[in-house]
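The structure appears below as C-alpha cells.
The values are calculated or read from the model by the stated rules, or taken from the named source; none is laboratory data. Note that the coordinates shown come from a computational prediction; the quantities given were computed from them, not determined experimentally. No Cβ is skipped: glycine too gets one built from the backbone with ideal geometry, and neighbour counts run over all protein chains shown. Side chains included, ligands, DNA and RNA excluded: accessible areas come from the protein's heavy atoms. Shrake-Rupley method; radii C 1.70, N 1.55, O 1.52, S 1.80 Å.
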Amino acid sequence: MPTSVLRRAPGSPALLPSVVRREADAMLLELQLAHAELSVLLTNDTQIHALNLAHREKDKPTDVLSFPLDEGGGADGFVSGTRILGDVVISLDTAARQARGRKRELLPEVRFLLAHGLLHLLGYDHGDPAEKRVMDAQTRRLVRAVETNFAKPPKSPGQSRQPRATRQSATRPNKAKPKGRARARHAK
C-alpha cells in the first residue's frame, strides 16, 4: 500500500506521519484499494489557507482539502497499473481546534478528516441531503474500520494487528466528474 504522508506543519500540534500512514492504509484496505496510491499532507493553517484561496477562492483556512487525480473515472488516474487517487491535505491547527470543540484527542479528528478527504478522492460529495447521507455513512464505516483494527493492542508481543479486508467495496458514485484541472474538494 503506497501511502505517502508528509508533515509540513511548523508550529502545529504533534502527530507522527507514520500513525496517519497506518490509518490511511487501513482505510484503503477497507475500501479494497490496498494497491492504490494516496498522498497525505499534514500542514498548518497558513499553508492550507493559501491552498484554499488558490483552488477554491476561499480566503480562510479550512480543515481538509482533497485533490483527486482521477476526476473523470478514466485511465488518467493510473500509472504503471497503479491507481493514483490524489492528495488529501489536512490542517493540524484546524483539526486541533475542532478536536477541542468536540472534546476529543487530535488523532480521532484527523482520522475523520482523512476518511472524509479520501472519500472525496473517490468521487463522493455532500452537495445535497442524499449525497450527504451516503458520504456520512461511508465516513463512519472507514473510521470504525480503523478503530476496530487498531484500538486494541496485538494479542501477543510478536503479533502485529493487520487491518481486515471486507467484502464491501467503495465504488465511485454514478455522477461523472468533469476532466481537466484537479479541483479541490472540502468537507464544508
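Table: residues versus (1) assigned to a helix (DSSP H, G or I); (2) surrounded by 18 or more Cβ atoms within 10 Å (Cβ to Cβ); (3) within 13 Å of the chain's Cα centre (by Cα).
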{"residue": "Pro108", "(1), (2), (3)": "yes, no, yes"}
{"residue": "Phe112", "(1), (2), (3)": "yes, yes, yes"}
{"residue": "Gly117", "(1), (2), (3)": "yes, yes, yes"}
{"residue": "Tyr124", "(1), (2), (3)": "no, yes, yes"}
{"residue": "Ala137", "(1), (2), (3)": "yes, no, no"}
{"residue": "Arg140", "(1), (2), (3)": "yes, no, yes"}
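Total residues in segment 38-72 satisfying the condition of being of a type outside the set (Lys, Arg), at pLDDT 95 or above and open to solvent by 20 Å² or more (accessible area, probe 1.4 Å): the figure is 15. Only one of the numbered conditions (1) farther than 15 Å from Val89 by Cα; (2) touching a Ser or Thr at 6+ places or on another chain (Cβ under 8 Å); (3) hydrophobic (A, V, I, L, M, F, W, C) is not met by Ala24, and that is (1). Going residue by residue through segment 23-34, is there one that turns out to be part of a loop (DSSP other than H, G, I, E, B) and out of contact with any helix residue (DSSP H, G or I) (no Cβ under 8 Å at 6 or more places or on another chain)? Yes, because at least one residue in segment 23-34 is part of a loop (DSSP other than H, G, I, E, B) and out of contact with any helix residue (DSSP H, G or I) (no Cβ under 8 Å at 6 or more places or on another chain).
Total residues in segment 85-107 satisfying the condition of being in contact (Cβ under 8 Å) with a residue 40 or more places away in the chain and of a type in the set (D, E, K, R): the figure is 2. For segment 33-62, the set of residues classified as under 16 Å from Leu121 (Cβ atoms), in contact with an Asp or Glu (Cβ under 7 Å, 6 or more places away or on another chain) and acidic (Asp, Glu) is empty.
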